[in-house]
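Report on the structure given below.
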C-alpha cells in the first residue's frame, strides 16, 4: 500500500505529547509494510517549528524520518489538480495540495488527523489517525 502521510502525522510522531507520540508511532507500525509517501510540502510544514526554535535535534529527527519515506515533488500537474480540488470542494490550499499529491503519485490512502478531509468527498481513501484528538493548528 502506498500511504501518503499528512504533515500532522509526522509532527505528532516526533513532536507530540508522549501519549500522542506513542499512539501515532503504534499506528504507523501498523502500516509498516506500506510505502510511506510525503511531498515537499510535508517536509516544509514539518521543518517550520524546529527551524523557528533553532532545534537541531528535532531537525535531525524529522530529516531522519523523511529518509524512510518516498518524497514526491509538486509538479505543475499536481498544483493544477490541487487548484481543481480547492475550487470544487473549498478545501484549504495545503489540504488540496496534499490530496492532489497523494492522488497524482498513486497513493492508495492518505493518513491524517485533519477533520477537514472527512467533511467532503476525497478521490482516495482518507484514514484518520486519532479520532479523539483535535487537528493540529498550522505552524
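Nothing in this text is a laboratory measurement; each read-out follows from the coordinates by a stated rule. Keep in mind that what you see is a predicted model, and the values were worked out from it rather than measured. Neighbour counts are summed over all protein chains in view; Cβ atoms, including those assigned to glycine, are modelled from backbone coordinates with ideal geometry.
Here are the numbers for this structure:
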item	result
At q = 0.17, 0.19, 0.22 Å⁻¹, base-10 log of I(q)/I(0) for the chain (Debye sum, equal scatterers on each alpha carbon)	-0.91, -1.14, -1.51
Relative exposure of 39, 88, judged by other C-beta atoms within 10 Å (fewest first)	88, 39
Using a Förster distance of 22 Å, the FRET efficiency for residue 80-residue 44 (Cβ separation, nearest 0.05)	0.65
Where labels lie 7 Å past Cα in the beta-carbon direction, separation of residue 105 and residue 31 in nm	1.2 nm
Estimated 222 nm signal from helices in the chain, with DSSP H stretches of n ≥ 4 weighted -39500 (n - 2.57), rounded to 500	-16500 deg cm²/dmol
Stretchable slack from residue 59 to residue 128, in nm (0.36 nm times residue separation minus alpha-carbon distance)	22.3 nm
Helix 93-104 vs. the chain, principal-axis angle (Cα, 0 to 90°, nearest 10)	80 degrees
Virtual spin-label span in nm between residue 51 and residue 2, 7 Å along Cα→Cβ	2.7 nm
